[in-house]
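The values are calculated or read from the model by the stated rules, or taken from the named source; none is laboratory data. Predicted model only: the values in this text are computed from it and were never measured. FYI the Cβ positions are ideal-geometry reconstructions off the backbone, even for glycines, and counts take in every protein chain you see.
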Amino acid sequence: MVAVRRAIVPLLLAGALLLTGCEDEAPAAPAPAPVTTRTVTPAPTTVTSAPPPPPSPSSVTAPPPVAAGKVVVLDPGHNGGNGSHPAEINRQVPAGRGQTKPCNTTGTATNAGYPEHAFTWDVSQRVGQALAAKGIRVVYTRQNDTGVGPCVDQRAAIGNTANADAVVSIHADGSTAAGANGFHVAYSSPPLNAAQGAPSTRLAQTLRDTMRTGGFSTSNYIGGNGLSARADLGGLNLSTRPTVLVECGNMRNAAEAARMTSAEGRQQFASAITAAIEAYLAS
Ligand code: ZN
């Protein structure tokens, strides 16, 4: 458990601090004064007085966003301190389907040394800020890029405990196969619970679609059509919430590494992921 000593307690606090208010409600229109009626016998005479109608509002405040009040857990893969804490990171933890796996890994890097943990951290912050601005409560599975862990089972538990409406794990791959490039979105299969079924596959398809719209190519070496059904990923297996894991691209591919290394490129990844989450929550 030492691997997660820094991570858990601040999470919900941080998520709460990121909560932003909905847009102001439209001011209530003044209620019309009640119609007054007076009856006189023997011949009924009705006298009615009514106030002028309330003035029409000069502008109408938009209703709150559809996704306001939703909870999204963002899981930036790995962590900056993992590499210097091998004992903590290599210990075996439950990974679902009767498997165990190392607590976490160091992740990959570009050939020039830009690490995956830094990429996933930066992209997750960009996504989280955009979602929070829409009134969505964002919970991160780690609070900085210098800590250790948390382990994969703890990451899943964070999404479950937060009762997340959507969980997105953000990663980048490190294949050395010649020409390997493109993104893919992994989801748990066969599903172990209802959330891993249709909700998670819909989230995966939505993210695949917005990544394509954002100009990213689907993987030419893993999965099919940008999707990958997986039974071996602990964070997916242990989740009871709609959950996917996106491998944004191959950090060992020169073109994709260049995109990931630039702030503009990372914003493009973040925009596509944000669009997917918003679309998923709104549907
Ligand atoms: Zn990774």
* Asked: Does segment 212-232 contain any residue that is crowded, with 19+ Cβ neighbours inside 10 Å, assigned to a helix (DSSP H, G or I) and modelled with pLDDT of 95 or more?
  -> no
* Could you please find all residues in segment 241-270 being over 21 Å from GLY107 (Cβ atoms) and surrounded by fewer than 18 Cβ atoms within 10 Å (Cβ to Cβ)? => GLU264
* When you go through GLY128, GLY113, GLY135, GLY96 one by one, which is the residue that is out of contact with any His (no Cβ under 9 Å at 6 or more places or on another chain) and at pLDDT below 95? -> GLY135
* Asked: When segment 228-247 is examined, which residues are found to be of a type in the set (D, E, K, R) and either within 14 Å of the ligand (Cβ to nearest atom) or over 18 Å from the mean Cα position of the chain (by Cα) (or both)?
  -> ARG230, ASP232, GLU247
* Structure fact -> Of the residues in segment 82-122 that are more than 11 Å from the ligand (Cβ to nearest atom) and hydroxyl-bearing (Ser, Thr, Tyr), the one that is surrounded by the fewest Cβ atoms within 10 Å (Cβ to Cβ) is SER84
* Among ASN104, ASN111, which is the only one that is in contact with a helix residue (DSSP H, G or I) (Cβ under 7 Å, 6 or more places away or on another chain) and over 15 Å from PRO76 (Cα atoms)? -> ASN111
* Asked: Would you say ASN79 is under 30 Å from PRO190 (Cα atoms), within 16 Å of the ligand (Cβ to nearest atom) and surrounded by fewer than 17 Cβ atoms within 10 Å (Cβ to Cβ)?
  -> no
* Structure fact -> Residues of segment 111-165 being touching a residue at least 24 places away in the same chain (Cβ under 8 Å) and at positive phi, in sequence order, are GLY135, GLY149, ASN163
